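K.L.:
I'd like to ask you about the structure that follows.
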Amino acid sequence: MGYESVPGLVETREAFGETTLVVDPARIAEACLHLRDEEAFNLLVDITATDYLGWAEAGVAGYYATAAGRDLNDPAAQGYARVPEPKPKRFTLSYHLLRVADDSARVRVQVWLDDGEAVETVVPVWPTADWHEREAWDMMGIPFTGHPNLTRILMEDDWEGHPLRKDYPIGGEPVRFSEAE
Amino acid sequence: MATVERGPAIYAGSRIPQPVPTILKADPAIEDVLTVNFGPNHPSTHGVLRLIVDLHGEHVVGLSAVIGYLHTGFEKTMEQKTWWKGVTYPARIDYVSFQYNELVYVLAVEKLLQLEVPRKATWTRMALGELARIHSHLVYLGTAALELGAISMFWYCFRERDLVLDLFELVAGTRMHTRYFQVGGLAEDIPVGFYDEARAFCRRMPQALDEYEGILNSNAIWLERTRGVGVLSAADAIALGQTGPNLRASGVDWDLRRREPYLAYDEVDFDVAVRFGGDVFDRYKVRVDEMRESTRIVAQCLDRLEEMQGEPWIADDRKVVLPPREELHTSMESLIHHFKIVTEGFRVPAGEVYVGIESARGESGCYLVSDGGPRPWRAKFRAPSFAALHATAACCADAAVADLIAIVGSLDAVMGDVDR
């Protein structure tokens, strides 16, 4: 089965029995529409944003040890030898698609994004994308153009920062009712 | 595509609100709109859900959901913990069908490791998973009926639910959040006496289900409040990402256990419950039928498991799996392995995987990214409740405020799962 006709297709990867289609972020909505209408991927399972800040580097919050930056005082760092390949940009969005039909199939559509780079919404393609995109905005700070209601969903409205980013501090939230106030 | 759907169309066209799919906006032409804040501590919100409801008389004309009250940052926390320690967290995400989240995480790590699991572990996972499905559906049935006034159902369902929890306690020592599934297999062997207790439960459960249906199926109040309420067509259900019982109640014959068999579901005999009304009643009926099927699956698993007495329950890969406890006193290598796995954690090859399984609420998925280190780079859970709660606005066409409670209950969203 080939996905060569998907608009904006950059690369097709096969790993662990899963197909990943890397797509040009400018054409994501077009590609998704194609996959829904031509390939019958009628159900959007999930949209996941991943932050690759510090991938294959040492010394970034949330990252533990590469071969070059191994900290001998950190037991978690011992014996770590493999340096993963660097990534082209900081963020990915992974759209997990499912074909609900007798010839069921799954595919992952992936786009690579820089910080603040906006991507077109897929809510008109699959209405269920609404909350998934709001979650990606809330947790990772990925802006979606054309989204009907892009507001925070899990964190409160006046929250600062995007908690799932790798440079977001752990335990760094302000304490409201401390005695210092 | 159409071959999966059966039965007549539930309604023509789409009822998904436009332009915002998950917010029903009140028509500005309607006067006398009363906005009511529903939650976050209303007893029928299954956790802490807040609904802002616009009412015209008794009719729901506008609706928006505010979620996040139970957001706990599990995904962020899991990035800080080793793969081995991370097993504890998923069970707390969906705290009603906890075994399934544990299972999906463990399956995803095993997929990255390409680790073979002994068949005894596979069958035990199936048996306990189906018990978790029964447990989850019993909680649904008890609370959903309670919210509509059938308080006796709550007592009956929780009576049987306690039996399931007793079985979990027998196996794992804890009643909930068992942390019994490990990467590579199970934490311990199944204890003596489990089979007899589980068989007794399997004998009892069909009678209990008959009792439930005897109470509800001909109960005029129950029928009046559930039939034709909160309808969702097959096309809308798919567009809104519904899976599991909510999708099957809308006439879509879709069950991952059948369509993409994982564990050993291709070796057991069961039927997929499908109904065609798409209303609250059919969602109830699908879940009751599923409990019957789950009981059948558990019985078949027990038959197979009893043939596997004495077989290993965890993979023999010392780089991943903790060595047997008794070896720690005699073997230096085992002690080192134990120490390394507990402190440093085992390393998982770099890559990204997605695993989806049929949990009690639908497709529960786990997306993992590994950089080859001892911790997940990213762990993301696809929560079926998150999608289920989506559908509330589409289900609320012509709904009265009392129906809203029936609808939210029937979609069976667990807020821990929604908010993660």
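K.L.:
Yes or no: region B:369-390 includes at least one residue that is among the hydroxyl-bearing types (Ser, Thr, Tyr) and within 20 Å of B:Gln114 (Cα to Cα).
P.N.:
So far as region B:369-390 goes, yes, one or more of its residues are among the hydroxyl-bearing types (Ser, Thr, Tyr) and within 20 Å of B:Gln114 (Cα to Cα).
K.L.:
Would a scan of region B:63-77 turn up a residue that is of a type in the set (Lys, Arg), closer than 25 Å to A:Asn149 by Cβ and in a strand (DSSP E or B)?
P.N.:
Checked against the condition, which is being of a type in the set (Lys, Arg), closer than 25 Å to A:Asn149 by Cβ and in a strand (DSSP E or B), region B:63-77 yields no hits at all.
K.L.:
State all residues of region A:37-49 that are buried (at least 24 other Cβ atoms within 10 Å of the Cβ) and at the interface with another protein chain (Cβ under 8 Å from one of its Cβ atoms); if no residue qualifies, say none.
P.N.:
Across region A:37-49, the qualifying residues are A:Leu43, A:Leu44, A:Val45, A:Asp46, A:Thr48.
K.L.:
Oh, and also: Looking for whichever is in a loop (DSSP other than H, G, I, E, B) and facing chain B (nearest Cβ under 8 Å) here; the options are A:Trp131, A:Trp126, A:Trp159. Which one fits?
P.N.:
It is A:Trp126.
K.L.:
If you take the residues of region B:337-357 that are over 10 Å from B:Leu112 (Cβ atoms) and modelled with pLDDT of 90 or more, which of them is farthest from the other protein chains (Cβ to nearest Cβ)?
P.N.:
Ranking the qualifying residues of region B:337-357, first place goes to B:Ile357.
K.L.:
Picking from B:Ala379, B:Ala383, B:Ala413, B:Ala397, which residue would you name as being crowded, with 23+ Cβ neighbours inside 10 Å and closer than 29 Å to B:Asp27 by Cβ?
P.N.:
B:Ala413
K.L.:
While we're looking at this one, here's another question. Inspect region B:306-317 for any residue being away from chain A (no Cβ under 14 Å), farther than 30 Å from B:Leu389 by Cβ, aromatic (Phe, Trp, Tyr) and surrounded by 18 or more Cβ atoms within 10 Å (Cβ to Cβ) and give the result as yes or no.
P.N.:
The answer is yes, given that some residue of region B:306-317 is away from chain A (no Cβ under 14 Å), farther than 30 Å from B:Leu389 by Cβ, aromatic (Phe, Trp, Tyr) and surrounded by 18 or more Cβ atoms within 10 Å (Cβ to Cβ).
K.L.:
Give me the residue from region B:250-300 that is within 14 Å of chain A (Cβ to nearest Cβ), surrounded by fewer than 18 Cβ atoms within 10 Å (Cβ to Cβ) and touching a helix residue (DSSP H, G or I) at 6+ places or on another chain (Cβ under 8 Å) and, out of that set, nearest to B:Gly365 (Cα to Cα).
P.N.:
B:Arg258
K.L.:
While we're on this one: If you check every pair at least six apart or on different chains, which have Cβ atoms under 8 Å apart with a residue in region A:6-35 that is within 18 Å of A:Ala129 (Cα to Cα) first and a residue that is modelled with pLDDT of 85 or more and in a helix (DSSP H, G or I) second?
P.N.:
Short answer, once both residue conditions are applied: A:Val23/A:Ala31.
K.L.:
Those residues that are more than 11 Å from every other protein chain (Cβ to nearest Cβ) and not aromatic (Phe, Trp, Tyr), I need them from region A:91-120; list them, please.
P.N.:
A:Leu93, A:Val109, A:Val111, A:Leu113, A:Asp114, A:Asp115, A:Gly116, A:Glu117, A:Ala118, A:Val119, A:Glu120
K.L.:
Also: Which of the residues that make up region B:363-385 are within 7 Å of chain A (Cβ to nearest Cβ) and in contact (Cβ under 8 Å) with a residue 60 or more places away in the chain?
P.N.:
Correct list: B:Glu363, B:Gly365, B:Tyr367, B:Pro374, B:Arg375, B:Arg378, B:Lys380.
K.L.:
Evaluate the following for A:Pro88: is it surrounded by fewer than 18 Cβ atoms within 10 Å (Cβ to Cβ), modelled with pLDDT of 90 or more and more than 10 Å from chain B (Cβ to nearest Cβ)?
P.N.:
No: the conditions fail for A:Pro88.
The values are calculated or read from the model by the stated rules, or taken from the named source; none is laboratory data. Quick caveat, the model's predicted, so the values are computed rather than measured. A quick note on method: Cβ atoms are made from the backbone with ideal geometry, for glycine too, and the neighbour counts reach across all protein chains shown.
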